[in-house]
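> The structure under discussion is supplied below as C-alpha cells; questions concerning it will follow.
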C-alpha cells in the first residue's frame with residue numbers, strides 16, 4: 001500500500017514538472033518575441049530620429065534663408081509650453097481646492 005501511494009505522488013510530481021517545463025518554454029518564446037519587437041521598434045525610432053534631424057536641418061536652412069530667427073522662435077515655443085504646463089497644474093490644484101470647498105459646504109449644510 002505504501003508503494004502505490006508513493007508511485008502516485010511521484011507521477012503527480014512528474015506531471016507538475018512537465019507543466020512547469022511547458023510554461024517555461026512558453027515564457028522563453030514570449031521573451032524572445034518581446035526582444036524582437038523591442039529591437040524592431042528601436043530601429044524604427046532610430047530611423048524616425050534621423051528623418052526628424054534631416055527635416056529640422058531643412059527647416060532651419062529655409063528659415064535662415066528667409067531671415068527668420070529659429071532660436072528665438074524655439075525659445076518662444078518653450079516658454080509658451082512651460083506657461084501652459086504651469087497653468088494646467090494650477091487649474092488642477094484649483095479644481096481640487098474648489099472640490100474640497102464644495103465638500104466642506106455640503107457637510108456644514110447638513
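> List the pair-distance distribution P(r) of region 1-68, using every Cα-Cα distance, as the percent of pairs falling in each 5 Å bin from 0 up to the bin containing the longest distance, rounded to whole percents.
P(r) over region 1-68, rounded to whole percents: 3, 14, 8, 10, 7, 7, 8, 6, 6, 5, 5, 4, 4, 3, 3, 2, 2, 1, 1, 0.
> Still on this structure, I have one more. Could you work out how far apart the two model spin labels at residue 86 and residue 34 are, taking each label as a point 7 Å from the Cα in the direction of the beta carbon, and quote it in nm?
According to this spin-label approximation, the distance is 4.1 nm.
Each value in this text was obtained by applying a stated rule to the coordinates, not by laboratory testing. Since the model is a prediction, treat every value here as computed from it, not as a measurement. Note: ideal-geometry Cβ built from the backbone for every residue, glycine included; neighbour counts use all protein chains shown.
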